[in-house]
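Enquirer: First the structure, then my questions, so here it is.
The values are calculated or read from the model by the stated rules, or taken from the named source; none is laboratory data. On a predicted model such as this, the values are computed, not experimentally measured, just so you know. For neighbour counting, all protein chains shown are included, and Cβ atoms are generated from backbone atoms with ideal geometry for every residue, glycine included.
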Amino acid sequence: MLFHSATFLVSVVVLIALFWATPSHRLRLLWLFLGSVVFYGWSHWPSVFLLLASIAVNYAIGRRLERAPSRRLLAFGVIANLSLLLHFKYSRFLIDQLIALGHLFGQELTVPKPSAWAPLGISFFTFQMVAYLVDVHRKQLAAEKDLLVFAVFKSFFAQLVAGPIVRGKEFLPQLHQKKPFDPTRLHRGAWLVFFGLFMKVGVADVIGDFVDFGWKDPASLGINNAWLIVYAYAAQLLADFWGYSTMAVGLGLCFGLDLPVNFENPYGATSLREFWKRWHITLSVWLRDYLYISLGGGRVGKVRAALNRLITMGLGGLWHGPGWNFILWGVFHALWMDVEQFTEKTRAKWSGRWKPVAGWFITFHVVVFLWLPFRAPSMEKLSLFTDRLLHGAWDINTPMQVAVLTFGFLLAQKPLFALASGERPQSLRPWLEWGLAGLMLWLLLAYGNARQDFIYRVF
């Protein structure tokens, strides 16, 4: 069920009312679990069986790991989770590469392909479960003994499909606490849900229609519209994913639960390393803690550290989708971070007030242009699109509405992030809060017919 659908919004209001009207903490958890299962199974009910099986298996492995720590059992648990991800998300891609390799050697291979169906959010909850098992094995987290609490931890609908990737040591203790109803937290949660909905429907979806149109036939684009799409997709992706993550945090607050913030003005970063501390923060932390550091991190010399970054970012790119474009996107990020690393001492000698501005300008455009392989439907269309950026004719039919919305959104990053941070909206004056809410509602109603799925929902 889509977060920005009327059905979901009405249903979640009912669930919030039931949750707070129930005096028993265990019944509240049961409401959360049942509601999460319904929301998850709404689009594809067979996925629920995989979710329930994953809950049961990981719960049992976690309990066993705590009683009798074993590297073999940990390896089994990690491999079992990653095998599901490999089968549902990457098997067709791997088979295609095998067939292409056969063609290279003059062999015609016939390999049956599995269904293209993949359970929603499998990349997110797989990483969540791997982190849980590793933390239990490292004795950084006690295995959860209450099956209902563990089931809610695994299935809580606000973060299940597209993150943030919630860690057990952050979330499990909250599920054991019976919290009193707090109208202030509910107010803030409702504000964040509304703000995230505005980011998604009022910004991302409006821009997204133009971006999708351009990528369907890149060869027909004029040079000005091709360049507009470059910036428009950067705006769409941030508004879409940040909007979803903001709604998730808001929904958590509506139930008295704190979810981690996933974005902190990433386009304001002055280096690519800083960008990854601000963009999809829970994924960045996961890759650092469970992959990069496990490979040796940056403690093993510059060359080996560069290799570790290449592996980490390459696999991080592959996590986003089964395609060479995603791998290239991750590898290019790693290579640019290497450039930053190897030129750090030279850049430290530079001075002047324009230094941070230059760092921001370069970083922003590196990020924006690296979104091209991320968005490209195929390498062929990526090549066509790149050609239009350099050799296209001027198109007089530039959609000014999209251009104004794109650059207006990108230039307003700092105040927009301020509206979703701290104690907003309580720290705003009532007239300002209602004025902003009215403006966002007007834009939602004006442009609400542009309706697309959340981009990261398919990952």
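Enquirer: Is it the case, given these coordinates, that residue 182 is within 24 Å of residue 327 (Cα to Cα) and among the acidic types (Asp, Glu)?
Expert: Criteria not met by residue 182.
Enquirer: Taking the residues in the range 367-407 that are of a type in the set (Ser, Thr, Tyr) and within 27 Å of the chain's Cα centre (by Cα) as candidates, determine which candidate is nearest to residue 203 (Cα to Cα).
Expert: 406
Enquirer: Residue under question is residue 11, and the condition is that it be in a helix (DSSP H, G or I), exposed (fewer than 13 other Cβ atoms within 10 Å of the Cβ), hydroxyl-bearing (Ser, Thr, Tyr) and at pLDDT 90 or above; does it hold?
Expert: Here the answer is no, as residue 11 does not meet what is asked.
Enquirer: Inspect the range 212-224 for any residue being touching a Phe, Trp or Tyr at 6+ places or on another chain (Cβ under 6 Å), buried (at least 22 other Cβ atoms within 10 Å of the Cβ) and in a helix (DSSP H, G or I) and give the result as yes or no.
Expert: So far as the range 212-224 goes, yes, one or more of its residues are touching a Phe, Trp or Tyr at 6+ places or on another chain (Cβ under 6 Å), buried (at least 22 other Cβ atoms within 10 Å of the Cβ) and in a helix (DSSP H, G or I).
Enquirer: Cβ-Cβ distance below 9 Å, separation of 6 or more or different chains: which pairs start in the range 343-355 with a residue that is under 17 Å from residue 269 (Cα atoms) and end on one that is in a loop (DSSP other than H, G, I, E, B) and not aliphatic (A, V, I, L, M)?
Expert: 355/270
Enquirer: Same structure, new question: May I ask you to list the residues in the range 19-51 that are assigned to a loop (DSSP other than H, G, I, E, B) and among the polar types (S, T, N, Q)?
Expert: Selection gives 22, 24, 43.
Enquirer: Restricting the search to the range 45-79, which residues are at pLDDT below 90 and either surrounded by 13 or more Cβ atoms within 10 Å (Cβ to Cβ) or outside the structural domain of residue 162 (by TED's automatic domain parsing) (or both)?
Expert: 47, 69, listed by residue number.
Enquirer: Here is a follow-up. Hey, does the range 131-138 have a residue that's of a type in the set (Asp, Glu), out of contact with any strand residue (DSSP E or B) (no Cβ under 9 Å at 6 or more places or on another chain) and assigned by TED's automatic domain parsing to the domain that holds residue 71?
Expert: yes
Enquirer: Applying the selection to the range 328-351, what residues are β-branched (Val, Ile, Thr) and either loosely packed, with under 11 Cβ neighbours inside 10 Å or in contact with a helix residue (DSSP H, G or I) (Cβ under 8 Å, 6 or more places away or on another chain) (or both)?
Expert: Answer for the range 328-351, where residues must be β-branched (Val, Ile, Thr) and either loosely packed, with under 11 Cβ neighbours inside 10 Å or in contact with a helix residue (DSSP H, G or I) (Cβ under 8 Å, 6 or more places away or on another chain) (or both): 331, 343, 346.
Enquirer: Hey, does the range 200-216 have a residue that's in contact with a Leu (Cβ under 7 Å, 6 or more places away or on another chain) and at pLDDT 95 or above?
Expert: Looking through the range 200-216, none of the residues is in contact with a Leu (Cβ under 7 Å, 6 or more places away or on another chain) and at pLDDT 95 or above.
Enquirer: While we're here: Got a sec? Which of 200, 216 is without any contact (Cβ under 8 Å) to a residue 24 or more places away in the chain and among the basic types (Lys, Arg)?
Expert: Residue meeting the stated conditions: 216.
Enquirer: Exactly one of (1) part of a loop (DSSP other than H, G, I, E, B); (2) under 30 Å from residue 305 (Cβ atoms) is unmet by residue 371. Its number?
Expert: Every condition holds for residue 371 apart from (1).
Enquirer: If a residue must be under 21 Å from residue 124 (Cα atoms), among the hydrophobic types (A, V, I, L, M, F, W, C) and touching a helix residue (DSSP H, G or I) at 6+ places or on another chain (Cβ under 7 Å), how many such residues does the range 287-327 contain?
Expert: 9
Enquirer: Which of the helices (runs of 4 or more DSSP H) contained wholly in the range 85-188 include at least 2 residues that are modelled with pLDDT under 90 and farther than 30 Å from residue 18 by Cβ?
Expert: Filter on the range 85-188 gives 91-104.
Enquirer: Next question. Just to be sure, is residue 252 touching a residue at least 40 places away in the same chain (Cβ under 8 Å), touching a helix residue (DSSP H, G or I) at 6+ places or on another chain (Cβ under 8 Å) and among the small types (Gly, Ala, Ser)?
Expert: Considered against the rule, which asks whether it is touching a residue at least 40 places away in the same chain (Cβ under 8 Å), touching a helix residue (DSSP H, G or I) at 6+ places or on another chain (Cβ under 8 Å) and among the small types (Gly, Ala, Ser), residue 252 comes out as yes.
Enquirer: Same structure, new question: Given the conditions (1) in the same structural domain as residue 441 (by TED's automatic domain parsing); (2) touching an Asp or Glu at 6+ places or on another chain (Cβ under 6 Å), which single one is not true for residue 172?
Expert: (1)
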